[in-house]
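Down below is the structure, laid out as structure tokens.
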Amino acid sequence: MTHALELKVCHSSFLHCQVVTTSSAKLLGQVSAVWLDLINHKVLGFSSRVGFWDTLQTYPWRQVVAVEDQMIKVKAASASHPSSVLHLEAQSWTATTTRLDFEVWTHKGRRLGNIADYSFDPSTGIICEYLCAVQGRIGLAENLLRISPDMIMDAGQGWLVVPDAVMQQVETEAEPIDISPSRVVALC
């Protein structure tokens, strides 16, 4: 597999990339959802569609041949239902779209914030890190914290649990959120 420029890809930049076949360079649509295994912290595959009314097509990660700047090259075989190609188990997977709906909690039940993005290795699909928008004193996200997958104690549909010690890390390592376009791209 080849990848341009970077050793990791962010969810936010992977969404809406064009999907083409390696054999004919035929446009197969744009990435509309990414399928994750939350227990093993791995991208299982993705879904795409050409137009609003077109059928959703799903591709397992093993069919990805190359991840380039704004294009994903795949072997053309696809399926219309994710469970038929991804061998999904109900408790360990979830689909991520434009909005990431993962809350991050400490082991003792204190809400830390929400996952704002995650990055993964394009050759394996393994998640490298999660970016958590840390909740400030008045409930607004004020800082970003990088969370490695090995820090995740448990995960489920819409939530991740981290050790309580992460709260001290927030005070020392979290970066103030800067939403300028150049900063958002640089985060991943």
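The values are calculated or read from the model by the stated rules, or taken from the named source; none is laboratory data. Computed from a predicted structure; not experimentally measured. Note: ideal-geometry Cβ built from the backbone for every residue, glycine included; neighbour counts use all protein chains shown.
The set of residues in the stretch 27-78 being surrounded by fewer than 21 Cβ atoms within 10 Å (Cβ to Cβ) and polar (S, T, N, Q) consists of Gln30, Ser32, Asn40, Thr55, Gln63, Gln70. Give the stretch 159-177 a look and list any residue that's assigned to a strand (DSSP E or B), of a type outside the set (Val, Ile, Thr) and at pLDDT 75 or above, or say none. Across the stretch 159-177, the qualifying residues are Trp159, Leu160.
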